[in-house]
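First comes the structure, then the notes that go with it.
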Amino acid sequence: MNIAESLLHALKTHGAQEIFGIPGDFALDFFKVIEDSAILPLYTLSHEPSVGFAADAAARLNCGLGVAAVTYGAGALNMVNPIAAAYAEKSPVVVISGAPGNREEHSGLLLHHQAKTIDSQSLIYKEVTCDQVKLDDPSRAADDIARVLKNCKQNSRPVYIELPRDQVLKTGRAVSRLPPSRPDPEALDACVQEVLNRLDSAESPVLMVGVEIRRYGLEEKVAQLARRLALPVVTSFMGRGLLAGADAPLLGTYMGVAGTPDITRRVEESDALLLLGVILSDTNFGVSKKQIDLRKTVQAVDGQVSLGFHVYPRIPIDALVEGLLQRVSGRPPKTGIRPQVNYPHGLQPDDAAIAPTDIAKGVNDLMADHGRMPIAADTGDCLFTALEIENTEFVAPGYYATMGFGVPAGLGIQATSGKRPLILVGDGAFQMTGWELGNCSRYGWDPIVLVFNNSSWEMLRAFQPCSGFNDLSDWRFADLADALGGEGHRVSTRRELRQALHASARNRGRFQLIDVRIPRGVLSNTLARFVAGLQERRGSQQQEADS
């Protein structure tokens, strides 16, 4: 077994199901091993940012490792932004970069693709990964791989592996999977008891779930915990799509002033707000109607639990959930909370112009007739519109908010799961990565893609309406679909949208691109409230600063 094969077997053992990549000269030998060994399937795309986004989405959906393989310099540096997004949103992506051979480093010549120094790339990736290794010593390669992959899983964050091209075929050995770190049992017991005491003494406890419960595969257990404790459940904005297949008393998504008033009131007036895996970001809490005193919450995130001024370090969220379940295992499940979330249905088949809420209605009607689909959403109003769509498997850059995520993320979903995805993307983001749809025919992918086309960076316009730089040209995306191997539909009325959605659902084998013409200035109700809430918050902060 060579080092490359050793790495590939270890990736598979740790939960990777495929590799997304783009080859280059420093990575050619590694890519040949990937192809010849068939240990993991390889999907090549057209641009390195898309490779990163696809690997990220695969990791999010299957609760395993996403893998992105690229070449040195021009390849890996092109992928820094998607890996920064994965780091910010806690997605376990393994970056594997080819590199110059050990002897090449000392040739005295600058090497092509080199930036400042040979190590510049690894230093850059150190900022957006939780562990790094250069496999330049065959005697310790297996141990280094084991450590890095353990940290990727345990921290649910990206890691960086650099593989010099003259080391790929060196003899390696099997990688032993390292056991997960265990918390101190006495500390865990004390922590569990304090959390239960807080919840049992509260009059209005609420459970908010965030991205970590999916990253660590805890949705079913958290749903069971919520039932036994009779806790009403909301997702954070970043946690949209969680508990889609679980029997949990789910109220909906907390969005502060941009969300449902009843959910906002419950969360902000709770005397025991339990935050499981919720990242404390501005997108999750920046538009709270009433300032939440986070010191009075229970927070389990980033491997520790905080209750006011009490902090329990090194208590992973999976250990906390297991401990809580063991303590309440004798309690019968309570059924007093059976919330019904009302999502809009009934798209009118008339000649009115299309608004974002019409898209949500059309998608809800579609899934009622054809079954639920996993959704990949880009940033912008397509993401806010998704909050009006029935809860289903969902990936989106809710915090890092990078454009270009949606299309390659949808391809990552279909590659890793075999499920046909629905992709929601704005026209600005589609201009960045929409061309990856041209790879669908090679792999048999057939997503349904809805392009929110208002010839504008409309979310930016919402914050700065007077600037002309937010204007975009009208790119007729539907006309390009056939050339890329798909089928296009350009729609401007609700009747046309309904027809295109149902025709797309019936047509399998080719991607379906629905170019939805939306008038400029027309926003979803959720985005309009979100923008207003942020502007009000910033105005108040400026007044405080001025005074």
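Just so it is clear, none of the values below were taken in a lab; they were calculated from the coordinates. Note that the structure is a prediction, hence the values are computed from the model and not measured. Every residue, glycine as well, gets a Cβ built from its backbone with ideal geometry; the counts of neighbours run over all protein chains shown.
Brief remarks on what is shown
- Within the stretch 305-328, residues that are under 15 Å from Ala187 (Cβ atoms) sit with their Cβ atoms under 6 Å from residues that are crowded, with 19+ Cβ neighbours inside 10 Å and among the charged types (D, E, K, R), at 6+ positions apart or across chains, in these pairs: Ile317/Glu212.
- Taking the criterion of being more than 27 Å from the chain's Cα centre (by Cα) and either over 15 Å from Ala4 (Cα atoms) or free of Cβ contacts under 8 Å to residues at least 12 places away in the same chain (or both), the residues of the stretch 122-142 that qualify are Asp137, Ser139, Arg140.
- Long-range neighbours under 6 Å by Cβ, at least six apart or interchain, first residue touching a residue at least 60 places away in the same chain (Cβ under 8 Å) within the stretch 427-451, second among the charged types (D, E, K, R) and assigned to a helix (DSSP H, G or I): Val451/Asp427
- Leading residue by the ranking (surrounded by the fewest Cβ atoms within 10 Å (Cβ to Cβ)) among those in the stretch 454-495 that are of a type in the set (Gly, Ala, Ser) and outside any helix (DSSP H, G or I): Ser473
Yes or no, residue by residue, for (1) crowded, with 24+ Cβ neighbours inside 10 Å; (2) hydroxyl-bearing (Ser, Thr, Tyr):
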| residue | (1), (2) |
| --- | --- |
| Lys419 | no, no |
| Ala429 | yes, no |
| Thr433 | yes, yes |
| Phe452 | yes, no |
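- Residues in the stretch 174-203 that are within 30 Å of Ala141 (Cα to Cα), surrounded by fewer than 15 Cβ atoms within 10 Å (Cβ to Cβ) and either in contact with a Leu (Cβ under 7 Å, 6 or more places away or on another chain) or not hydrophobic (A, V, I, L, M, F, W, C) (or both): Ser176, Arg177, Pro179, Pro180, Ser181, Arg182.
- Options Leu178, Leu207, Leu196; residue that is farther than 18 Å from Ile263 by Cβ and either of a type in the set (Asp, Glu) or not in a loop (DSSP other than H, G, I, E, B) (or both): Leu196
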